[in-house]
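*Asks:* Structure in structure tokens, see below.
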């Protein structure tokens, strides 16, 4: 569902820092998991990811893949944008409502804006 937006969000993030890093996302996931009293085993069950893999993410011996954040958002009952640290949640909500053609157009437009921004400094 949200997989297409991650690449462009990461590109934008490098420029304006609106998306959390992998380490920041996993720190937030740990915080939410702890607050909700969800065990690592339960989170593994909910996400379909091996408990040992989750442990490596939490111990930061393996990089957390941002393209998996939607699975964790669903498992923790939070919005993907919240985990990513988006400042403007409306952007994510609007994007999710677009059909495939318009999502493609949105990505092209954002890439154009980034290119213009780089040339203008």
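Computed from the coordinates by the stated procedures, all read-outs in this text should not be read as laboratory data. As the structure is a computational prediction, the values presented were derived from the model and not from experiment. For neighbour counting, all protein chains shown are included, and Cβ atoms are generated from backbone atoms with ideal geometry for every residue, glycine included.
*Asks:* Mind checking the full-extension length gain between residue 114 and residue 97? Use 0.36 nm per residue of separation minus the Cα-Cα distance, one decimal, nm.
*Replies:* Answer, rounded to one decimal: 3.8 nm.
*Asks:* Between residue 35 and residue 60, what FRET efficiency comes out of the Förster formula 1/(1 + (r/R0)^6) with R0 = 25 Å and r the beta carbon distance, rounded to 0.05?
*Replies:* In this case the efficiency is close to 0.80.
*Asks:* Still on this structure, please answer the following. Can you compute log10 of I(q)/I(0) for segment 41-121 with the Debye formula, treating each Cα as one identical point scatterer, at q = 0.14 Å⁻¹?
*Replies:* Each listed q maps to, in turn, -0.67.
*Asks:* Going by how many other beta carbons lie within 10 Å of each one, how would you line up 39, 22, fewest first?
*Replies:* By the 10 Å Cβ count, ascending, the order reads 39, 22.
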